[in-house]
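Shown next, in structure tokens, is the structure this report addresses.
The values are calculated or read from the model by the stated rules, or taken from the named source; none is laboratory data. Computed from a prediction, not measured in an experiment: that's the story for all the values here. Backbone-built Cβ (ideal geometry, glycine too); neighbour counts: all protein chains shown.
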């Protein structure tokens, strides 16, 4: 890795944001679905 | 004194079960051997990581000894009876923890010759090394005994105990491995004392905290 | 146990995160040395703050349950541990994605991330403990005890890993964003925090409902004779 300015790397940026939002969205879905299921038990 | 009586009882119990201790020792020696096979006949690498292997063997074997800490109490349903007095829960905890400490220390010491032999490691500072083994074993014993009491009452105890214990004792592993390695390889910057202090602090904190919390773990 | 509060919070969180991330991704300029990869910080730092808060809150709930013994604290603990684990896992994965282009390795034993990883495994173990224990009282007490024990360990783990690393000069992840553009950072921080609180409220309510079900009187296993005589099954 050359010292100095890092160029590019957008694929990592997309990966980080994509992964984070995917995890958040899936977890939100999971919590709401399990909560609703418990409400109707 | 209640504590001494409890310790005496447990030491006698463990002595009667010494064949089990022998089995754990053989397990530990086997683990050390397996690490050699995993790394390969590379004398330099084996020597460099010898203390890491030693402490991993101790950690893995500790789950075997710790899991059965309260086995006899559970079998005779004596756990409830022993706890009629609030003072007795602390005595029970410390008695069991002390016996576990003794067992783990003896176990660690007994593996030292194997470490020397398999990994070609010198032992220049034996008393200090014994001290580190005692400190490390104490760090495993305190939370290990508490979780042994917990998991003895739960299902899936043999997976649950290591699952709960291992993340917790990362500082003990780090400190013991580093301190042992420094004692064997040489310690130009006098770091052993600092690692030993870390271990001692962990031990102090957890021997107090687990003693306090033990009552809640065994109450009905 | 119903009520729209969690949904409102999650909705607001989505807006904040959308706006903050848009700004951080497309409007803010690239950083001087790290270039565009720096933009990961606009989501990584807020996640770190939220994960830390979740674990602190879990510790508070554990202590409160041990002191007060009310089921509400157990429900809150259950929510806090789960939300904390999800945030912590996301944090570690973000850290790896950031480290790869920056340091060339997926994991560089940064003390903060390493401590998070250890804490993550510890808390995941507590989740498993909760699933294995059926008795609600024991489950609550034991997971509170385990949480307190894990919480006390956090500074010790952090200190020992920091020291372990200092011998090898590991670079660590920056915890502040060294640019003048605080807007995306703050918007995302508010967003992730709102998301965390919304999730915790919903998850707590779920836990409360389940506790009510577990602690309720057992269902009578016989249909009342009057109903049978009348020919119906109610």
Could you tell me whether any residue of the range B:48-60 is in contact with a helix residue (DSSP H, G or I) (Cβ under 6 Å, 6 or more places away or on another chain), surrounded by 20 or more Cβ atoms within 10 Å (Cβ to Cβ) and in a loop (DSSP other than H, G, I, E, B)? no
Determine whether the range C:37-48 contains at least one residue that is under 19 Å from the mean Cα position of the chain (by Cα) and closer than 20 Å to residue C:124 by Cα. yes
Sort out which residues of the range B:153-210 are assigned to a loop (DSSP other than H, G, I, E, B) and either at the interface with another protein chain (Cβ under 8 Å from one of its Cβ atoms) or in contact with a helix residue (DSSP H, G or I) (Cβ under 7 Å, 6 or more places away or on another chain) (or both), and write them in order of number. B:153, B:154, B:155, B:156, B:169, B:191
Might you let me know whether the range B:118-128 holds any residue that is surrounded by 24 or more Cβ atoms within 10 Å (Cβ to Cβ), modelled with pLDDT of 90 or more and more than 10 Å from every other protein chain (Cβ to nearest Cβ)? no
If only one of B:146, B:123 is in contact (Cβ under 8 Å) with a residue 24 or more places away in the chain and over 19 Å from residue B:169 (Cα atoms), which one is it? B:123
Is it true that some residue in the range C:62-76 is touching a strand residue (DSSP E or B) at 6+ places or on another chain (Cβ under 9 Å) and either closer than 30 Å to residue C:108 by Cα or at pLDDT 95 or above (or both)? no
Go through B:183, B:135 for me and flag whichever is farther than 30 Å from residue B:72 by Cα and surrounded by 18 or more Cβ atoms within 10 Å (Cβ to Cβ). B:183
Residue C:156 passes all but one of the listed conditions (1) more than 8 Å from chain B (Cβ to nearest Cβ); (2) under 20 Å from residue B:174 (Cα atoms); (3) without any contact (Cβ under 8 Å) to a residue 12 or more places away in the chain; the exception is number (1)
Does the range B:156-163 contain any residue that is over 17 Å from the mean Cα position of the chain (by Cα) and buried (at least 22 other Cβ atoms within 10 Å of the Cβ)? no
Does residue C:96 satisfy the condition of being under 29 Å from residue B:162 (Cα atoms), away from chain B (no Cβ under 14 Å) and surrounded by 24 or more Cβ atoms within 10 Å (Cβ to Cβ)? no
Which of the residues spanning the range C:105-133 are without any contact (Cβ under 8 Å) to a residue 40 or more places away in the chain and more than 8 Å from every other protein chain (Cβ to nearest Cβ)? C:105, C:106, C:107, C:117, C:120, C:124, C:131
Looking only at the range C:79-86, decide whether some residue is in a helix (DSSP H, G or I), facing chain A (nearest Cβ under 8 Å) and at pLDDT below 90. no
